[in-house]
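What follows is a single structure, written as structure tokens, with notes after it.
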Amino acid sequence: MNKTILITGGAGFIGSHVVQLFVEKYPDYQIINLDNLTYAGNLENLKEIENKPNYTFVKGNIVDADFINKLFTDYSFDGVIHLAAESHVDRSITDPVAFINTNVLGTINLLMAAKESWKDNFEGKRFYHISTDEVYGALGDTGFFLENTAYDPQSPYSASKASSDHFVRAYGNTYKLPFVVSNCSNNYGPNQFPEKLLPLAINNIKNSKPIPIYGKGENIRDWLFVHDHAKAIDLIYHKAENGKTYNIGGHNEWTNIDLIRMLCKIMDNKLDREEGTSEKLITYVTDRAGHDMRYAIDASLIEKELGWTPSLTFEVGMEKTVDWYLENEAWMERIVSGAYEAYYDKMYNS
Ligand code: NAD
Ligand code: TYD
């Protein structure tokens, strides 16, 4: 069946995998990738599909309501998969307004445009909002985030994502806009911007630079390979009932320090270094302000209702990830020149 789908944020980390999956798996769909190419957006992530006839890239800002309204008029979308966001917690601590603009205002602009464009007939239309487990706040030693866990965001990033989630559900309730939401745990894999822990550590280890670990490294994250998130998004987009929320996670909790020790072993092996060489780079640095202690997802609902499970073990996913970054040196080199250096100096050397 022919469909025209708007994917926002498709030049970023997760969005690029979602765009690639949809363009390749659904040749009858027209996929429009809207991305403003901020520091986190990179069209190199899409080079394998950029010339496909069912793919179009549009550069634009979701904060610009006039532009968004015109885009909806030009294309008559059947669906929206909304990933565009400011996504890094540390940046939200220094510049929360950028997060309010893109994550809250940008989402509302898309909701308004979808409502206006679809108002005569919501049949077959769908607004899919991609969110994060961070909206639920932080866990202690026990327990898991469920779909009905009360929101308790603790960082400017998670507060902005929580706000956007509420607006999506409010549009569903008030205007009957057909929507679905998913809240996923930490993703890892190819194409991730090296401000996030794993690509930053891989790049530093490769260059024998210190690996900055916040606080004592005891904070826990639940890691999922990005292709498995993209597959869950495909399933939810096509199979979920309107109004549903699904949590997505890997049942894969690691303290940051154990995760980095595991990475160090893989990197010693791949780089033919003596075992223990990379671990010597671990450097404890000042903790992140308000650092959430633990995230862990109970993904049993999506497993039971939609039959989704992670396809990769963490060991295999990490090997694939490290291989990708080592094989794509030029991708990393282009990113870590210029503006990245200024960001890194400000974050870690001041
Ligand atoms: P990312 O930072 O790698 O990519 C974000 C993309 O959005 C970039 O391509 C950027 O250019 C684009 N963008 C930013 N502001 C924009 C604007 N105003 N207009 C248009 N485009 C804009 O982010 P990511 O890690 O790929 O995350 C994608 C989505 O998934 C986000 O909504 C995030 O909250 C959510 N999420 C991420 C994770 C994770 O582990 N990375 C986990 C769960 C949920
Ligand atoms: P990050 O990749 O920024 O994702 P999030 O904050 O969304 O979970 O960080 C993952 C974990 O790693 C988090 O507990 C913060 C920690 N961290 C470090 O210890 N050092 C770093 O340099 C970074 C970027 C993160």
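The values are calculated or read from the model by the stated rules, or taken from the named source; none is laboratory data. Model, not experiment: these values are computed from the prediction. Ideal geometry is used to build each Cβ from the backbone, glycine not excepted, and the neighbour counts take in all protein chains shown. Side chains are part of the model used for accessible areas, which takes the heavy atoms of the whole protein and leaves out ligands, DNA and RNA. Shrake-Rupley method; radii C 1.70, N 1.55, O 1.52, S 1.80 Å.
Descriptive notes on the structure:
- Taken over the Cα atoms of region 24-121, the convex hull encloses 111 Å³ per residue.
- Here region 192-253 yields Rg over Rh of 1.12, to two decimals, using C-alpha coordinates and the Kirkwood radius.
- The chymotrypsin sites (Phe, Trp or Tyr not before Pro) of region 303-350 include none that meets both criteria, a DSSP state outside H, G, I, E and B (loop) and at most 10 other C-beta atoms within 10 angstrom of the site's C-beta.
- Simple rule: put +1 on each Lys or Arg Cβ and -1 on each Asp or Glu Cβ in the chain, find the dipole, and look at Val19, Ile68, Val97; the Cα lying farthest toward the positive end is Ile68.
- By average C-beta atoms within 10 angstrom, highest first, the peptides 209-220, 274-285, 294-305: 294-305, 209-220, 274-285
- Computed over Cα pairs, the Kirkwood radius of region 289-330 leads via Stokes-Einstein (1.567 mPa s, 4 °C) to a diffusion coefficient of 96 µm² per second.
- Taking the convex hull of Cα positions in region 104-256, its mean projected area over all directions (nm²): 10.4
- DSSP-defined beta bridges in the chain - what % are antiparallel, rounded to 5: 10
- Amide H partners (placed H, <5 Å) of Ile213, local residues excluded: Thr283, Tyr284, Val285
- Here the convex hull built on the C-alpha positions of region 186-289 has a volume of 121 cubic angstrom per residue.
- Of the DSSP H helices in the chain, those whose Cα atoms cover at least 30 Å axially and whose Kyte score averages 0.5 or more: none
- Solvent-accessible heavy-atom area per residue, rounded to whole Å², over region 1-75 at 1.4 Å: 45
- Annotation: amide H-H contacts under 5 Å for Tyr29 (H modelled 1.01 Å from N, sequence separation of 5 or more, or interchain): Lys3.
- Stokes-Einstein, applied to the Kirkwood radius of the chain over Cα pairs at a viscosity of 1.567 mPa s and 4 °C, places its translational diffusion at 63 µm² s⁻¹.
- Solvent-accessible surface of region 273-350, taken per residue with a 1.4 Å probe and all protein chains present: 57 Å².
- Flagged links, alpha-carbon separation over 24 Å, of Lys119/Lys239; Lys125/Lys231; Lys52/Lys206: Lys52/Lys206
- Mean Cβ neighbour count within 10 Å, used as a protection proxy, ranking 235-248, 115-128 highest first: 235-248, 115-128
- Element breakdown for the chain at a 1.4 angstrom probe: carbon and sulfur atoms account for 50% of the accessible area.
- Cα convex hull of region 180-219, projected area averaged across orientations, nm²: 4.1
- Looking at region 131-215, the accessible area is 34 square angstrom per residue; that uses a 1.4 Å probe and ignores ligands, DNA and RNA.
- If you plug the beta carbon distance of Glu275 and His166 into 1/(1 + (r/R0)^6) with R0 = 41 Å, you get a FRET efficiency near 0.25.
- Classification of region 19-71 by its C-alpha gyration tensor yields an oblate form. The axis ratio a/c (a ≥ b ≥ c) is 1.5 or more, and b/c is at least a/b.
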